[in-house]
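Participant: I'd like to ask some things about the structure below.
The values are calculated or read from the model by the stated rules, or taken from the named source; none is laboratory data. The structure presented is a predicted model; accordingly, all values stated were derived computationally and were not measured. Heads up, the Cβs are rebuilt from the backbone with ideal geometry, glycines too, and the neighbour counts pull from every protein chain shown. Side chains are part of the model used for accessible areas, which takes the heavy atoms of the whole protein and leaves out ligands, DNA and RNA. Shrake-Rupley method; radii C 1.70, N 1.55, O 1.52, S 1.80 Å.
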Amino acid sequence: MRIGTYIFHKLIIALALLCAVSCAKDSTESQWAGQASWYVPSAPFDESKTDVFYLLSTEVVSARDNDGQVLYTARLTDDDLKYLTDEAAFVESQMFHTDFNFISPYYHQLTFEAFMLEKEQMLQEYNHVKDEVFSAFDYYMEHQNGGRRFVIAGFSQGAMLAVDLLKHMTDEQYSRLAAAYILGYRLSKQDLIHPHEKAAESDSDTQAAVPFNTDISPDAA
């Protein structure tokens with residue numbers, strides 16, 4: 001009888017611990033839950049409009065930690081945010097006007113110094129940035145999109161990330177994509193192999209990417 005009571009008490013304690021861990025996980029707030037992680041658009045949100053998920057360009061030229069060591073990915077400083085808020089405001093007002101819900105995450109960026117690394121090391125650093133952007137998109141799809149059609153757009157580093165974001169989407173998410181604007185980066189022949197990577201051939205194409213890049217590279221489409 002005592003053994004049975006002892007085991008019962010142990011089970012109760014174990015279940016309580018599991019509940020505590022589970023509750024702690026549930027209460028962990030996403031970094032994207034706060035407004036400070038997002039650009040604040042000028043136009044009010046309107047459920048009848050199509051969304052634009054916009055990825056900002058590179059602004060962090062160089063960064064160092066407290067010991068003076070070079071950082072290859074960095075959080076935006078207040079000055080960076082001011083500049084990028086200006087960029088987002090320009091894109092919102094001049095490119096998309098008030099016809100769309102404009103959504104743009106403030107993500108850690110690759111610094112210019114990261115692009116000077118050997119390709120393999122640079123890609124390792126880039127993967128950290130890419131994963132963060134994916135998490136921002138996933139948060140947007142779960143909490144903000146509401147089943148609406150949407151546009152993906154990005155400039156420079158943002159365009160590079162937009163290409164990979166197309167591959168990250170589920171087929172259901174991709175079915176609601178209106179278009180992807182790849183500004184200042186190429187869409188390669190290798191990219192076009194992926195079923196979510198389709199280059200626009202006319203102004204009536206949907207679920208297609210519209211790349212605009214002034215550099216010529218051997219693998220460009």
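Participant: Identify all residues within the stretch 34-48 that are closer than 15 Å to Ser93 by Cβ and crowded, with 16+ Cβ neighbours inside 10 Å; write none if there are none.
Facilitator: Once the filter is applied, which keeps residues that are closer than 15 Å to Ser93 by Cβ and crowded, with 16+ Cβ neighbours inside 10 Å, the stretch 34-48 yields Tyr39, Pro41.
Participant: Against the condition open to solvent by 10 Å² or more (accessible area, probe 1.4 Å), under 21 Å from Gln190 (Cβ atoms), free of Cβ contacts under 8 Å to residues at least 12 places away in the same chain and part of a helix (DSSP H, G or I), how does Asp164 come out, does it pass?
Facilitator: Against the criterion (open to solvent by 10 Å² or more (accessible area, probe 1.4 Å), under 21 Å from Gln190 (Cβ atoms), free of Cβ contacts under 8 Å to residues at least 12 places away in the same chain and part of a helix (DSSP H, G or I)), Asp164 does not qualify.
Participant: Something else now. State whether the residues of the stretch 75-98 include one that is farther than 25 Å from Ser156 by Cβ and modelled with pLDDT under 85. Explain how you work it out, then say what you get.
Facilitator: At the first step, the residues of the stretch 75-98 found to be farther than 25 Å from Ser156 by Cβ are none.
The answer is no; no qualifying residue exists.
Participant: For the stretch 106-114, check the following and say yes or no: at least one residue is closer than 28 Å to Thr206 by Cβ and in a loop (DSSP other than H, G, I, E, B).
Facilitator: Within the stretch 106-114, the first condition is being closer than 28 Å to Thr206 by Cβ, and the residues that meet it are 107.
Now narrow it down to the ones that are in a loop (DSSP other than H, G, I, E, B): 107.
So far as the stretch 106-114 goes, yes, one or more of its residues are closer than 28 Å to Thr206 by Cβ and in a loop (DSSP other than H, G, I, E, B).
So that you can scan it fast, the table gives a plain yes or no per residue for (1) surrounded by fewer than 20 Cβ atoms within 10 Å (Cβ to Cβ); (2) at pLDDT 90 or above; (3) part of a helix (DSSP H, G or I); (4) aromatic (Phe, Trp, Tyr):
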| residue | (1), (2), (3), (4) |
| --- | --- |
| Asp131 | yes, yes, yes, no |
| Phe137 | no, yes, yes, yes |
| Met141 | yes, yes, yes, no |
| Gly147 | yes, yes, no, no |
| Gly154 | no, yes, no, no |
| Gln173 | yes, yes, yes, no |
| Ala180 | no, yes, no, no |
| His196 | yes, yes, no, no |
| Ala209 | no, yes, no, no |
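Participant: Of all residues in the stretch 100-116, which are among the β-branched types (Val, Ile, Thr) and within 24 Å of Glu142 (Cβ to Cβ)?
Facilitator: Ile103
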